[in-house]
Amino acid sequence: MEPEDLQAPGWDAIDKALAARYADQQPKHFGTLISYALGGPDPLQGISAYKRLDPVPHWHFVTYGFTELYDKESEDAQTSGWGFELTMRLKTEAEAEEPPIWTLNFLQNLARYVFNSGNIFANGDYMNANGPIASDSPTLIRSVVFAHDPELPPIETTNGHVEFLQVVGITDDEELAVKQWSTLKVLNVFSEHLPLLLTDLDRGSLLEHRDVREKLAAGAAAEGANTGYVFVDQLAWSENRRLLRKPELQIALGARQVKEVLGLLPYRLPFGKEFALIGGDAKVVFAPATQNSYSMEENRLRLQIQPEVLAEIQSTLAQKEGRYSLSTFKGVVLQVKKTLVKDSNDNVVETIG
């Protein structure tokens with residue numbers, strides 16, 4: 001599959017790992033014409049797709065390019081490149097002969113994020129796609145989590161260690177459930193309904209199943225949330241001085257973020273754990289306390305709140321534009337602003353709040 005005039009021990013090692021599972025199948029392979037290093041748009045060298053009929057018909061995608069496929073260039077002798085390749089299992093029709101092109105574009109987009117930001121994916125990570133993962137699709141799958149591919153264990157290559165991380169498509173409410181507990185524990189519950197953790201664009205939310213809801217609720221109630229912070233696109237705070245009165249602390253956040261505040265604070269603070277919202281130029285930390293107070297340091301606001309404040313936030317804050325003053329924490333106001341969700345062309349596709 002790799003260019004014939006190059007030695008590619010990393011590529012060969014990936015092929016060998018796949019051959020153990022698909023010895024009799026030649027995959028559909030989609031290579032990159034112009035390398036990223038030479039100005040091409042796609043960071044990955046290629047993506048292979050294997051057709052599977054068991055346990056249900058699906059395409060099994062595997063990337064080539066997050067790791068060092070040819071010569072060893074990085075100084076880390078233990079790890080090959082970014083240390084992982086992505087896989088994805090997409091449910092399909094038994095008679096399908098070609099994999100959908102959107103999946104290739106989606107995996108390349110994930111690669112662009114890694115190559116441009118330097119942020120890598122790891123087992124248990126999650127990411128919201130800010131819309132359907134298949135563009136122009138009505139699917140409810142709008143987020144992904146990353147977990148070890150259930151059939152491809154890590155391999156050791158001459159260029160270092162390589163893991164296979166599977167991209168698993170989930171719905172928005174499933175993403176919140178992941179944040180309220182633990183990614184891998186939630187996926188373990190989901191696996192009873194998603195064989196090999198495949199992505200099914202046509203399915204509804206797994207939270208529609210009573211057994212799933214009960215198991216997730218029990219786990220989160222017993223252990224709390226592992227998610228200690230979330231990145232948000234609308235966040236600001238200011239302390240406004242008032243004549244003959246204490247200053248008013250105003251915290252502005254987008255309506256989209258309200259769902260995460262309401263969904264995660266009850267699974268952090270009662271367990272003695274802090275929770276933070278991180279925006280472009282601001283950070284707001286909520287911490288459990290026996291007495292209300294707040295402190296400011298540069299762009300960081302730390303709120304120490306009593307259980308009564310948490311209860312009032314839960315009962316009064318809404319995903320609707322407006323001012324929400326806290327009677328249990330005098331002088332603190334939560335300002336909710338509309339969130340405009342935009343597509344890749346900067347067009348507003350949804351208004352929240």
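The values are calculated or read from the model by the stated rules, or taken from the named source; none is laboratory data. Model, not experiment: these values are computed from the prediction. Heads up, the Cβs are rebuilt from the backbone with ideal geometry, glycines too, and the neighbour counts pull from every protein chain shown. The accessibility values were calculated without ligands, DNA or RNA, using every heavy atom of the protein model including side chains. Shrake-Rupley method; radii C 1.70, N 1.55, O 1.52, S 1.80 Å.
Data overview
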read-out	value
Residue match in segment 291-298 (condition: modelled with pLDDT of 90 or more, open to solvent by 60 Å² or more (accessible area, probe 1.4 Å) and of a type in the set (A, V, I, L, M))	yes
Residue within segment 144-153 that is closer than 21 Å to residue 80 by Cβ, not charged (D, E, K, R) and not in a strand (DSSP E or B) present	yes
Segment 154-174: number of residues that are in a strand (DSSP E or B) and of a type in the set (S, T, N, Q)	3
Residue 224 vs. criteria open to solvent by less than 60 Å² (accessible area, probe 1.4 Å) and either farther than 16 Å from residue 326 by Cβ or modelled with pLDDT of 90 or more (or both)	yes
Residue match in segment 175-183 (condition: within 26 Å of residue 53 (Cα to Cα) and not in a helix (DSSP H, G or I))	no
Flag if residue 98 is over 23 Å from the mean Cα position of the chain (by Cα), touching a residue at least 60 places away in the same chain (Cβ under 8 Å), more than 20 Å from residue 154 (Cα to Cα) and open to solvent by 50 Å² or more (accessible area, probe 1.4 Å)	yes
Among residues of segment 28-51, those that are more than 14 Å from residue 104 (Cα to Cα) and either in contact with a Cys (Cβ under 7 Å, 6 or more places away or on another chain) or crowded, with 18+ Cβ neighbours inside 10 Å (or both), counted	1
All positions within segment 227-246 that are assigned to a loop (DSSP other than H, G, I, E, B) and either farther than 26 Å from residue 297 by Cα or open to solvent by less than 100 Å² (accessible area, probe 1.4 Å) (or both)	227, 228, 232, 234
Filter result (in contact with a strand residue (DSSP E or B) (Cβ under 7 Å, 6 or more places away or on another chain) and at pLDDT 95 or above) within segment 127-141	140, 141
Qualifying residue in segment 178-190 (condition: open to solvent by 50 Å² or more (accessible area, probe 1.4 Å), within 19 Å of the chain's Cα centre (by Cα) and free of Cβ contacts under 8 Å to residues at least 12 places away in the same chain)	yes
Members of segment 79-95 found to be surrounded by 13 or more Cβ atoms within 10 Å (Cβ to Cβ) and in a loop (DSSP other than H, G, I, E, B), listed by number	92
Segment 304-352: number of residues that are without any contact (Cβ under 8 Å) to a residue 60 or more places away in the chain, at positive phi and surrounded by 12 or more Cβ atoms within 10 Å (Cβ to Cβ)	1
Residues being farther than 15 Å from residue 115 by Cα, open to solvent by less than 30 Å² (accessible area, probe 1.4 Å) and hydrophobic (A, V, I, L, M, F, W, C) - total across segment 52-78	4
Qualifying residue in segment 10-21 (condition: surrounded by fewer than 18 Cβ atoms within 10 Å (Cβ to Cβ) and farther than 20 Å from residue 165 by Cα)	no
Looking only at segment 146-173, and only at residues there that are among the charged types (D, E, K, R) and farther than 18 Å from residue 72 by Cα, the one that is surrounded by the most Cβ atoms within 10 Å (Cβ to Cβ)	149
Test for residue 213: is it open to solvent by 10 Å² or more (accessible area, probe 1.4 Å), farther than 18 Å from residue 147 by Cα and in a helix (DSSP H, G or I)	yes
Inter-residue pairs, beta-carbon under 6 Å, first under 12 Å from residue 64 (Cβ atoms) and in segment 7-28, second open to solvent by 20 Å² or more (accessible area, probe 1.4 Å), 6+ apart	8/2; 8/70; 10/68; 10/157; 11/2; 13/155; 13/157; 17/155
